[in-house]
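Below is one structure; the comments refer to it alone.
The values are calculated or read from the model by the stated rules, or taken from the named source; none is laboratory data. Being a predicted model, the structure only gives us computed values, none of them experimental. Cβ sites come from the backbone with ideal geometry, for glycine too, and all protein chains shown count toward neighbours.
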Ligand SMILES: Cc1cc2nc3c(=O)[nH]c(=O)nc-3n(C[C@H](O)[C@H](O)[C@H](O)COP(=O)(O)OP(=O)(O)OC[C@H]3O[C@@H](n4cnc5c(N)ncnc54)[C@H](O)[C@@H]3O)c2cc1C
């Protein structure tokens, strides 16, 4: 059976020693009083909930899956899911970072971020039920009317009602402009919505009293394409004026998908038959509201993969220390045993360190992004809010695609550490791999994230935001450039910081001649940018560890951190050279291949 220990020490290191998040909070009146002890105490309790309540349901949920009653259209979640969710709501975990005006506890988003990393490690399928609610809550908080907020937000922040996100239709996933679901205006100001949605995560279940679906649909006079899509709230049960639940709305689950992983999460085919909805935001401007939810979900998907990377690593490490097989190439390490533990073998160590480096680096990036989001909402200085928004918009596709690609590598490597046992269900490793796979696909495939990064967020503004990140890198290089002990981290980072500007300009020029050049380079480009970002955080973590050691701190945590940084820069970061080379190979070899693909 797999194990999971919440990585509280590493979270504290990232939040309080590397990023000093409480210094940022002091500048924001909403969080000026929040201190490290409060954050740590909440996360300690949160870690217990994740490890003791949610984690034990992970394998059972995968085996049992969800069941649809075709007669009632109700979905039963796996044994224990509903009870754990009740505990989650009663303990107030749903409301952690929600607005106090709607019953939330008003803690900084970083607390929710770390809580969700732990829940995702414990059980990604379970965590998607409350997880999607946060995105729906954020969209309504930003774009809902006062009446909509009063009707829905208290119950969503308490977790009594969950949310879902209804975009995809059988014929359209990436290209939402092809959407067919229709919304007919009614005399009372509501809309009757008719159509078919597929692949809707947590689209039907028995864990909450009501489900608040955020649905994209087209008005009768809507212009074609994505500019004719509007956003609607469609509750599973109507909500009466006094807030109590009324009749069932005309939206129901017609089928559940049978899929590779996340079996405990209901992936619903939803039919809307004149379902009553209310418009969110302006007609035909539905993507504005939905983007709030989608951006939250993109960061959330990166966080799912971060959680899986961590839990897979922990289990592979424990196994590698225990499993004995063959002798070390450099001579027996444990003569009391007939063979050495497999952790002595260089390639096993490489697999473990890859997962560790991606988990710890990804954690720093995810925490940094949650502080940016906090600044976007709560910083008193408009310029800081705008700069943070720009930076977050640049980093969101990197969190989504880079962390999920890394998790696929990491969970697969951790499975490999188990040899044949990794392929056997009872060890839990093959489930981590299967669960990790969807994160590269949904919420905009990683290819689409790469196009968003390179096409819209980098070339779309002539690299201005990338240069802002470049300035963070340059400042660190300047600060540590003469420190010999930091050279192994700072030098490669400085080189990539220089190279990426030229690399970007080159692709930009080629793209002007032929837009396929951008499409051909985008996926490689995102990984290069991902390493620039991760490299920056790894260099900062190395800097903090060096300083702690220099000050006489003997906690073995710091030399371990330095060694992982060393591994990251020596073994993972150099893939940027290959990636730039393959990106430069251009579009021609892809687009002139009609014969090869015939
Ligand atoms: C388990 C699961 C849960 C999901 N949950 C939800 C949910 O809660 N709500 C929801 O609305 N949807 C959900 N989805 C849908 C998911 O977001 C889509 O499957 C995804 O966005 C891709 O759309 P598609 O499947 O239609 O693939 P397509 O859009 O048909 O894409 C097929 C392939 O073509 C590539 N491609 C498409 N266009 C381009 C382009 N311009 N350039 C380069 N490559 C391109 C894609 O990257 C992909 O590799 C879920 C899907 C699954 C499997």
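Could you grab me the full set of residues in segment 207-245 that are away from the ligand (no atom under 16 Å from the Cβ), assigned to a strand (DSSP E or B) and in contact with a strand residue (DSSP E or B) (Cβ under 6 Å, 6 or more places away or on another chain)? Result: 210, 235, 237, 238, 245. Evaluated against (1) outside any helix (DSSP H, G or I); (2) over 17 Å from residue 263 (Cα atoms); (3) within 16 Å of the ligand (Cβ to nearest atom), residue 68 falls short on exactly one condition, (2).
Of the residues examined, residue 255 is not one that is within 15 Å of the ligand (Cβ to nearest atom) and either out of contact with any strand residue (DSSP E or B) (no Cβ under 6 Å at 6 or more places or on another chain) or outside any strand (DSSP E or B) (or both). State which residue is nearest to the chain's Cα centre (by Cα) when the search covers only segment 100-110 and only residues that are in a helix (DSSP H, G or I) and over 19 Å from residue 360 (Cβ atoms). Within segment 100-110, the match that is nearest to the chain's Cα centre (by Cα) is 109. Let me confirm something: among 3, 42, 34, which residue is part of a loop (DSSP other than H, G, I, E, B) and surrounded by 14 or more Cβ atoms within 10 Å (Cβ to Cβ)? Only one candidate passes the filter, namely 34. Being in contact (Cβ under 8 Å) with a residue 60 or more places away in the chain and farther than 23 Å from residue 175 by Cα is true of residue 488.
Screening residue 483 against (1) under 27 Å from residue 384 (Cβ atoms); (2) over 29 Å from the mean Cα position of the chain (by Cα) leaves a single unmet condition, (1). Taking (1) part of a strand (DSSP E or B); (2) under 25 Å from the mean Cα position of the chain (by Cα); (3) in contact (Cβ under 8 Å) with a residue 60 or more places away in the chain in turn, residue 295 satisfies each apart from (1). All conditions but one from (1) surrounded by 17 or more Cβ atoms within 10 Å (Cβ to Cβ); (2) over 16 Å from residue 274 (Cα atoms) apply to residue 226; the one that does not is (1).
For the criterion of being in a helix (DSSP H, G or I) and surrounded by 22 or more Cβ atoms within 10 Å (Cβ to Cβ), residue 352 passes.
Count of segment 6-31 residues, restricted to those that are in contact (Cβ under 8 Å) with a residue 60 or more places away in the chain, outside any helix (DSSP H, G or I) and under 30 Å from residue 380 (Cβ atoms), is 3. Here the strands (runs of 3 or more DSSP E) wholly within segment 114-206 that include at least 1 residues being within 15 Å of the ligand (Cβ to nearest atom) are 161-166, 191-201.
Under the condition of being more than 16 Å from residue 235 (Cβ to Cβ) and either out of contact with any helix residue (DSSP H, G or I) (no Cβ under 6 Å at 6 or more places or on another chain) or part of a helix (DSSP H, G or I) (or both), the residues counted in segment 275-288 number 6. Residues that are crowded, with 17+ Cβ neighbours inside 10 Å, within 21 Å of residue 574 (Cβ to Cβ), more than 16 Å from the ligand (Cβ to nearest atom) and free of Cβ contacts under 8 Å to residues at least 24 places away in the same chain are absent from segment 499-518 altogether. The condition of being assigned to a helix (DSSP H, G or I), away from the ligand (no atom under 15 Å from the Cβ) and without any contact (Cβ under 8 Å) to a residue 12 or more places away in the chain holds for only one of 467, 383, that being 383.
From the list 487, 494, the one residue that fits, being at pLDDT 95 or above, assigned to a helix (DSSP H, G or I), buried (at least 19 other Cβ atoms within 10 Å of the Cβ) and more than 16 Å from the ligand (Cβ to nearest atom), is 494. The number of residues in segment 579-598 being farther than 18 Å from residue 533 by Cβ and part of a helix (DSSP H, G or I) comes to 11. For segment 444-455, check the following and say yes or no: at least one residue is within 20 Å of residue 583 (Cβ to Cβ), over 19 Å from the mean Cα position of the chain (by Cα) and within 16 Å of the ligand (Cβ to nearest atom). Yes: one or more hits.
Among the residues in segment 86-93, are any crowded, with 20+ Cβ neighbours inside 10 Å, away from the ligand (no atom under 16 Å from the Cβ) and closer than 30 Å to residue 60 by Cβ? There is at least one residue in segment 86-93 that is crowded, with 20+ Cβ neighbours inside 10 Å, away from the ligand (no atom under 16 Å from the Cβ) and closer than 30 Å to residue 60 by Cβ. Taken over segment 427-443, the criterion of being assigned to a loop (DSSP other than H, G, I, E, B) and within 11 Å of the ligand (Cβ to nearest atom) is satisfied by 439, 440, 441, 442, 443. Scanning segment 172-220 for residues that are under 26 Å from residue 158 (Cβ atoms) and surrounded by fewer than 21 Cβ atoms within 10 Å (Cβ to Cβ) turns up 190, 206, 209, 210.
Residues in segment 260-274 that are within 16 Å of the ligand (Cβ to nearest atom) and either farther than 20 Å from residue 130 by Cβ or assigned to a strand (DSSP E or B) (or both): 260, 267, 268, 269, 270, 271, 272.
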